[in-house]
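We did not get these values from a lab; they are worked out from the coordinates using the rules stated. Fair warning: this is a prediction, and the values are worked out from it, not measured in the lab. A quick note on method: Cβ atoms are made from the backbone with ideal geometry, for glycine too, and the neighbour counts reach across all protein chains shown.
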Amino acid sequence: MAAPSVNVCVEAALENPIQEVKYDGQEVYVAPLTMSENLSKLAHKINFFKDESEEKGKPTSEGERETDEEKVLAPFQPSLWPWDSVRNKLKSALTEISVLYDVLSIVKEKHYMVTDPVSQDAPELKAPLQMIAKKKSLVSVCQILNTGADRLKRVQAEMDSNTQDNFLWELLQLRKNWRLKKVHNTILGELSYKSAGSRFWQGGTFEVLKTSDLAAEGDVTNKKSSLDVSIPSELEGVAYIQVEVKSVPDLIDLTSATLKMPASLGAVSADAYWQQKLETAHNVLFCKELFAQLAREAVQIKGSTPHLVVGNQILTNVFPGFQLSIVLCHYTGKEKKVNLSPTKPEHNHVLEHSLHQLLRKVHDNNLNTSPPHPVNSMLGMTKRRRLAGPQAMSRQELVQMTHSESILEQIVKQTRHAVLRIRSMNVIDQLAITMQDPQICAHWSCLNNSLESSVRLTITSYCFEANRTPLILIIGIDNIRVILREGGTCVLSFEENELRDFLQWQICQHHAQSVQTLAKLHGWQVLSAIVSSGHGDIETYGTTSTVMLASPKGNVILAFHSSPVNGSKLSVKKVDTSLESNISPAVTAAKWASLAGEFKEVNLSQLEGRNLTGKIDMLMARLTVLS
Amino acid sequence: MGVSCVYSYPVPEGRSGAQVVEVLQKQVETLGGIKAGNFIVDCETYQSVMLNPPKTLHILHNSEHPASCFAILDSGATLVADTLFNGLVLYLKNFYQARKGAKIESKGQRFQLSDFVLKIGSVSLAGSMKGVLVEVEYCPSVVAADCWNLMKELLQSLIGNVAENPPPSLKPKMDETYTPAMTMLQYLDHFNSFRTAAAMGQPLR
């Protein structure tokens with residue numbers, strides 16, 4: 001056999017036949033037969049009427065009655081034909097079968113006999129008996145349904161009420177979010193940020209309680225959960241850090257330091273869900289730690305400007321005239337209602353968020369040391385510090401590496417940048433609105449961070465956009481770097497006026513440049529173009545740009561002065577070569593004949609034209625025609 | 001990192017090392033140098049135990065690079081490592097044993113003269129003074145060939161004709177980017193010459 005033989009197991013099915021199926025789905029099996037029952041069953045199968053006396057001569061069983069006479073008369077003859085009994089039996093079987101066959105043929109053929117069902121009388125209707133029977137059955141049905149309904153009601157009531165199961169389920173939910181531990185009989189939880197890297201001295205431990213069923217059984221309990229938490233008293237209430245940047249004329253506004261500002265915060269109600277209570281307490285702890293860290297830094301670190309810590313407020317000057325105030329507002333619900341100050345404090349959400357992020361970063365650095373984590377060396381060194389050895393860094397470089405910034409320094413930097421950015425924005429926008437002649441267009445870059453932003457300014461004259469002056473301003477923490485048109489850079493301080501003066505100066509230069517471009521258009525020759533000319537009086541800021549143009553024929557000379565302080569001036573000199581008398585041989589062309597002469601100033605305001613460039617354009621066109 | 005040149009200033013007969021150091025320091029101060037702390041460069045030697053001929057390993061430290069440790073073999077191969085390397089060498093006790101009485105160091109004042117850093121150190125081997133080493137570092141440059149002339153001028157004004165030529169270990173590498181390991185090689189050369197001079201001087205006594 002090629003295929004391996006498979007063992008086939010044959011066994012009798014041990015299933016007992018099903019006697020009945022109850023209404024609730026339970027099956028009732030026929031009980032298996034005991035040994036004695038099985039024996040009697042088998043005994044019943046034996047045919048005791050079978051004729052065996054001829055064969056074996058054994059006395060028949062009790063059921064068969066054979067007369068003694070018959071027994072005597074018919075002696076046992078063993079020599080008789082052995083198949084006699086068989087023949088008799090077959091004969092009788094034949095007779096029986098023929099009878100059966102006859103009956104069946106009669107029934108089938110229907111020639112001589114027909115079978116007809118006998119109509120039976122309908123049983124007598126006993127109405128009252130029937131009703132009683134029906135009632136009984138209905139009653140039993142009702143009972144079954146009632147028991148089912150009762151069971152469902154009970155389960156529903158259990159779900160609603162505060163039982164042990166509900167508490168456990170709530171506890172499971174609590175464990176998913178918070179760390180719990182069991183101390184003797186009480187369950188305590190941890191609210192602090194210690195596992196996240198915080199080193200704050202204050203820890204928060206809350207206790208988990210079961211809400212006791214004080215109400216009577218019948219009352220509808222309106223408690224949301226069967227679990228309640230008890231927050232430590234110092235973390236009760238709601239807290240947040242209020243960050244405000246305000247401009248004060250004096251150096252530090254001390255009057256505002258004494259004002260406590262518990263703004264209208266909603267206190268946490270006692271009925272609140274435990275998650276909400278825990279989250280609020282968690283936030284209170286975080287704000288406390290943040291404020292404690294800031295206060296410590298404000299006192300210890302010697303910065304360029306002194307910081308003032310008064311109660312729950314930290315005040316520091318970011319710029320002269322600008323003050324940053326950080327207040328820890330903790331509203332526990334037990335204070336008296338304080339009238340809010342008339343000026344609603346402007347809370348700077350961005351800086352508050354930055355503070356939160358900075359503290360989280362400190363926590364993170366406490367826990368996550370940068371890899372590698374060697375066994376023999378110190379943990380927590382940055383990659384640069386680890387490479388300092390192999391790269392043989394000098395002492396200076398190592399000292400530089402140890403400088404790290406505190407949270408307060410970082411937030412002050414961010415505030416400075418924010419203030420500087422807003423102020424620059426205002427200056428540029430105001431100038432753009434008020435100045436119609438060259439148009440200033442500002443594009444602020446989308447890519448910026450909390451310490452640096454950039455803006456691209458374009459100065460153009462309407463209808464003469466071929467010449468445009470681009471400026472890129474990179475606004476840093478306390479200075480502005482400018483990239484000029486030619487690619488040079490200069491640095492401006494944080495003063496507003498400096499930026500305004502600078503932009504005015506750039507506008508003047510733009511005018512001068514436009515006049516040069518016009519010369520190209522009209523075919524005039526540029527005799528000189530000086531960006532920072534030394535003529536005239538010294539201005540308070542900026543320099544004068546001058547352009548001198550000569551007409552194609554050389555008999556009209558245009559001198560343009562553009563100064564940020566004194567404005568633009570245009571002078572024209574018409575030269576009449578025919579009037580010149582003594583022309584020396586050194587003078588080769590007519591245009592060199594009269595370089596000196598009277599310049600007459602042109603009243604720019606009365607010229608026709610939309611803007612300065614347009615006016616000069618018109619004038620040049622006319623002068624070209626005239627000459 | 002700048003370019004450094006180390007020279008050994010010969011101590012004339014009749015003068016003590018301390019006097020020479022004093023004189024040099026006065027000269028530097030006259031030039032305009034400002035005192036900027038102390039410095040120390042030390043060298044320990046280890047000898048291999050099993051190899052024949054025995055190999056030598058020198059471990060140098062420089063206060064200018066406090067986080068680093070320099071290991072130099074006698075073939076000239078250098079390794080710049082973190083200071084934990086010292087601990088590692090202790091584990092190699094069975095293979096490299098420290099040579100007794102071979103610790104040599106150069107200690108002294110450090111002067112800052114605008115872009116230059118001048119170090120005048122007195123060399124001591126086993127407690128006794130052996131000589132004077134002058135190191136001049138020009139911080140802005142990283143290639144020795146570019147600034148050799150400038151350094152030569154300053155060196156000659158300080159120590160005279162000793163600085164006629166660049167140091168022998170630096171000569172072949174004038175055009176390469178300068179690394180602190182090259183400074184240590186120069187120091188090692190001087191330390192070795194001091195050691196041999198001391199060894200030679202001893203049997204004469």
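Ordered by packing density, taken as the mean number of other Cβ atoms within 10 Å over each peptide's residues, highest first, how do A:85-93, B:21-29, A:417-425 rank? Walk me through the intermediate numbers first.
Details: A:85-93: 11.1, B:21-29: 16.2, A:417-425: 18.9.
Order by mean packing, descending: A:417-425, B:21-29, A:85-93.
Could you check how many percent of all C-alpha pairs in segment A:351-402 are farther apart than 18 Å?
On the way: 652 of 1326 pairs.
Value for segment A:351-402: 49 percent of Cα pairs lie more than 18 Å apart.
Work out, step by step, the length gained on full extension between A:HIS403 and A:SER247: first 0.36 nm times the residue separation, then minus their alpha carbon distance; give nm to one decimal. Don't skip to the end; give the middle numbers.
Details: separation 156, 0.36 × 156 = 56.16 nm, distance 3.10 nm.
Result for the pair: 53.1 nm of gain on full extension.
Starting from a Cα-only point model with no solvent, please compute log10 I(q)/I(0) by Debye for segment B:3-199 at q = 0.08, 0.10, 0.16 1/Å.
Calculated log10 I(q)/I(0) at the listed q: -0.27, -0.42, -1.06.
First measure r as the distance between the Cβ atoms of A:CYS490 and B:LEU92, then evaluate 1/(1 + (r/R0)^6) with R0 = 45 Å and state the FRET efficiency to the nearest 0.05.
0.15
Enter the Cα centre distance for the pair segment B:7-54 and segment B:86-122, rounded to the nearest angstrom.
Spelled out, the Cα-based centre of one part sits 11 Å from the other.
What list of ³J(HN,Hα) couplings, whole Hz, do you get for segment A:443-453 from phi and the Karplus terms 6.51, -1.76, 1.60, once you set θ to phi - 60° and write x for glycine and proline?
10, 8, 6, 6, 8, 8, 10, 5, 10, 8, 9
Could I have the simple spin-label model distance between A:TRP83 and B:ALA36, label points 7 Å from Cα toward Cβ, reported in nm to one decimal?
Between A:TRP83 and B:ALA36, the simple spin-label model gives 14.1 nm.
What base-10 log of the normalised intensity I(q)/I(0) is obtained for segment A:415-496 from the Debye formula, alpha carbons as equal point scatterers, at q = 0.11, 0.13, 0.25 Å⁻¹?
Per q value, in the given order, log10 I(q)/I(0) is -0.30, -0.41, -1.28.
Multiply the residue gap between A:LYS181 and A:MET618 by 0.36 nm, knock off their C-alpha separation, and tell me the result in nm, one decimal place.
Gain on stretching A:LYS181 to A:MET618: 148.5 nm.
State, as an integer percentage, the relative contact order of segment A:462-563 based on alpha-carbon contacts under 8 Å between residues 6 or more apart.
Across segment A:462-563, relative contact order equals 19 percent.
Across peptide B:73-82, what mean number of C-beta atoms from other chains lies inside 10 Å of a residue's C-beta?
For this peptide, the per-residue mean of nearby foreign Cβ atoms is 2.
Over what distance in Å are the Cα centres of segment A:345-414 and segment A:478-517 separated?
37
Dipole of segment B:3-199 (Lys/Arg Cβ +1, Asp/Glu Cβ -1, origin at the Cα centre): which of B:VAL143, B:PHE116, B:VAL11 lies farthest to the positive side?
Of the options given, the answer is B:VAL11.
Per residue of A:395-402, what is the mean number of Cβ atoms on other protein chains within 10 angstrom of that residue's Cβ?
Rounded to a whole number, the mean comes out at 2.
Which peptide among B:73-82, A:110-119 comes first, and what is the full order, when sorted by highest mean count of other Cβ atoms within 10 Å?
Sorting B:73-82, A:110-119 by mean packing, highest first, produces B:73-82, A:110-119.
Distance check, please: which entries in A:LYS520/A:LYS553; A:LYS246/A:LYS302; B:LYS119/B:LYS152; A:LYS182/A:LYS210; A:LYS288/A:LYS361 exceed 18 angstrom between their Cα atoms?
Result: A:LYS246/A:LYS302 exceed 18 Å.
Which whole number gives the average count of other chain Cβ atoms within 10 Å of the Cβ atoms across peptide B:57-65?
2
For the protein assembly as shown, what size does the Cα cloud have along each of its three principal axes, sorted from largest down, in whole Å?
Largest first, the protein assembly as shown extends 192, 107, 75 Å along its Cα principal axes.
Would you work out the relative contact order for chain B, in percent, from Cα pairs under 8 angstrom that are 6 or more residues apart?
Relative contact order for chain B comes out at 27 percent.
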